[in-house]
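Derivation of every value follows stated rules applied to the coordinates shown; laboratory data play no part. Treat the numbers as computed from the prediction; the structure is a model and nothing was measured. Ideal geometry is used to build each Cβ from the backbone, glycine not excepted, and the neighbour counts take in all protein chains shown.
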Amino acid sequence: MGNNSTVFWIIAILLLGAILRLSIYNLAPLFMDTAFYASLGRAIADGDLLLQVNHVSDKPPLFFYLQAFFFYMFGVSESVAAIPSFLGGLLGMLIIYLLGRDLYDSFAGILAALLFALSPGSVSLSTVGYIDSFFMAVVMFSFWTMLHRHYYWTGLLIGIAFGMKQTVLSFGPFYLLWLLILEFHHHNRQEVLRSVTKSIVKMIPGFMTFFLPVLYWSLFLASDRLRVFKYITSFVSGGQETEFVGSYHERLTRLKGDMAEVIGLSWHWVIALMLLSMIIFLVKIFNQRRLQKPLQLNDKLHFGFNLFTLFFFFLLIFIARKYTGPHYVFPVFPFLILTASITLAQLTNVNSWSGKMVIPVNLKVSFLIVIVLGAVFIPASKRIKQIGEGSINVPYQGAREVVKELKPYITQENSFLFEQSLGWMLRYYLFGEQYRRQHYDYEDHDLANMKAFISQEPYTNFYVLFDRAKQIDIPRMSSFLAPEYSMNAIFQSPGGNFLFYKINPVLSKFQNYEQNLPERWGSEWNAWWKDILESRWAEAKNITIKSKLDNSGKHIEVNLFAEQVPFKELVTAEMRISIKSPKPNIHLSKFYNWPVFDEHLGITMQLLVDGDTMEKTILDRFQQVENIEVHTDQSLTNFQVYGKLGERELEVDTDFHLVLERDFIRVVVNRFLLNGFDLTWLTNLFKNHPVPPLKLNKYHPMDLELNNIKQQNGQIVLNYHTTTRIKHE
């Protein structure tokens, strides 16, 4: 094919691919992974440059920085979030053309680019904010640079791919296979080991350019450290979940459907072309040996595609712990496309009747293009249309609108939202808002935990949000929460895609109101509350509750004192609570089995943690600790811990101080000695926090918030406070 015709076909394919992608571009709201990735990119663009706040993704951050760049340039929107994926799709067409051209000829490259442009999987992943589209473009580019033996750039591109997704490591056997084929082809056997070693050494600097920053970020910057590396080997092992999910027959059946879903060709075509490719390769081996000529490099590399594809399918069907959808096939689909295009291109060079009747190349090329368009374009375009219609009708359409409705409810300090599969969507659309939420499931134990959780926070307004796919579970949840709680609808989004409910306590005659309590706080209330505390805090000591008039003689003041009280992650040496002029709600108090106040003039709580209590708590909870000494002065707390890790004796000597932040208490390490070695420099590398923060800022049963923390005189003192509460009629 001539250069002009090649350029024409490439431009035409790019336009066709762009039109198909734009036809379904950003039709669905950001949801699940796409919303989470966009929220991280948005956080970077908003100033959280190192993603130190609430990063819980299992992916490296490079793609999020790419999204952040476009957010910074064009503003934050759903359309902008999908730009890197769209560009990845366009780049993929160009790169797969280059691979096909350099592995065989321009016609093979054009066929590969055409199939890639039409592939429903590629089109779909180019129109939303997933990583895969741009990731696969970089992976294909790395194989093109390897084909031309530009090993530094190959290593750099592998590093870039790793900076987006650890899946690139599953290509390790493929890279090694290609490297061996290339070096065996260009060197004799005596030089191959040296040349392979030299090639790997050339790749290492480029790879480390991105690998080392990702490693540093994962270890010392991200709030959920090491999670990035958790799934590196999970494709095969599944981590700790080793049970094989499904049967071989089920997986084989799924694989056939997923190939058609991703590639746009029936699995019959894919398998037939792979078998035909193998036959052509074997025939070439036979002919080259008969003519005593070496096999061409492109044939060896093309055969490597087929070997890796078969190996990948073997893992999916027989080895991988789970295989759940088309995205598991996506990493090998470009190589399946290259196999199909190269095999078709090879057929154009086969002469009929042993060379006596030669069909012109242009005629064969035109004939094959018609076949490809006829076989692929119509079914692929129908599938892409279905994807578009599905995006318009997804059960989370109207996400932006529903968030505007629920925002006034859930962003209040005393509100809590339960959601199923909606958390990341809310994270994007409520970016920057502070609200409490929890992901729930529909198993009995999850609903039981939900019910128990609701019963512990009388001052919190609880809400539930359902998308359309989960609304069938509303009756079951309502039944499970009854009779103590009812679910009352607040609003429904247009089209019924979202339903928003409030969970209210049911105060009815069916509740147990046997015990009589007066309208005003007095000795009866003191005794009632003390009985509750003694039941809940079985290990607490010296619980006393007294009420008296304050100095003005007009207002009653309730004072609680207790020792050795369990409080979240701590055991407090002393707890002191003071309530000024309380006006209890009898019905709610009995319902929650806890004092609930319609009015008060302020509540304070002081928790005191001393060295002896900390020492006892740590010794009880960590059996490997043999001895511990805790000392606290004006600003620092010192831990000297002695214990064993296996058979090795360990001694840790560390100083830290506590810093109160909005949602947690940060533990800042000032000095860290391990068996006499100063490792303070290591803790300083953690730009986020080397020790998980303490989640002690709220005490929801009494609507208290931590407002002060002190380290002094061998003690840590936490002071809580809530302002005046007035009942609004």
Antiparallel %, DSSP beta bridges [both residues in the chain], to 5
90
Flagged as over-length at 24 Å C-alpha distance, from Lys451/Lys698; Lys451/Lys695; Lys616/Lys695; Lys202/Lys687, the pairs are Lys202/Lys687
In whole Hz, what ³J(HN,Hα) sequence does segment 333-345 give by Karplus (6.51, -1.76, 1.60; θ = phi - 60°), x for Gly and Pro?
5, x, 6, 5, 5, 5, 4, 5, 5, 5, 5, 5, 5
Given charges at beta-carbon only (K, R positive; D, E negative), |dipole| of segment 521-729 in Debye
820
Overall Cα dimensions of segment 1-78, principal axis frame, Å, largest first
54, 26, 25
Find out how many positive minus negative residues lie around Asn697, taking Lys and Arg as positive, Asp and Glu as negative, among other residues whose Cβ is under 15 Å from that of Asn697.
-1
May I ask you to evaluate 6.51 cos²θ - 1.76 cosθ + 1.60, the Karplus curve with θ = phi - 60°, for each residue of segment 687-698 and list the ³J(HN,Hα) values in order in whole Hz, giving x for glycine and proline?
6, 8, 6, x, 10, x, x, 8, 8, 10, 6, 10
If we count every other residue with Cβ under 13 angstrom of Gly495's Cβ, Lys/Arg +1 and Asp/Glu -1, where does the sum land?
-1
Per DSSP H run of at least 4 residues, take -39500 (n - 2.57); add these up for the chain, divide by its residues and hand me the 222 nm value, nearest 500 deg cm²/dmol.
-15000 deg cm²/dmol
Quick one: Karplus J couplings for segment 140-148, per residue in order, coefficients 6.51, -1.76, 1.60, θ = phi - 60°, nearest Hz, x for Gly and Pro?
4, 5, 5, 6, 5, 5, 5, 4, 9
Report P(r) for segment 624-687: all Cα-Cα distances, bin width 5 Å, range 0 to the bin holding the largest distance, values in whole percent.
4, 16, 22, 23, 19, 10, 4, 1, 0
Please express the Cα-Cα pair-distance distribution P(r) of segment 399-505 as a list of whole percents, one per 5 Å bin, running from 0 to the bin with the greatest distance.
2, 12, 25, 28, 20, 11, 2, 0
Once the cut-off is 46 Å, how many percent of the Cα-Cα pairs in the chain end up in the long-distance tail?
38
Long-range HN-HN contacts of Arg437 with modeled amide H, under 5 Å:
Leu417
Where both residues lie in segment 399-505, what percent of DSSP beta bridges are antiparallel, nearest 5?
60
Only sites in a loop by DSSP and with at most 15 other Cβ atoms within 10 Å count here; which chymotrypsin sites (Phe, Trp or Tyr not before Pro) in segment 625-667 make the cut?
none
Among the Cα-Cα pairs of segment 521-729, the proportion with separation greater than 28 Å, in percent, is 38
Simple Cβ-charge dipole of the chain, Lys/Arg +1 and Asp/Glu -1, about Cα centre, in debye nearest 20
2980
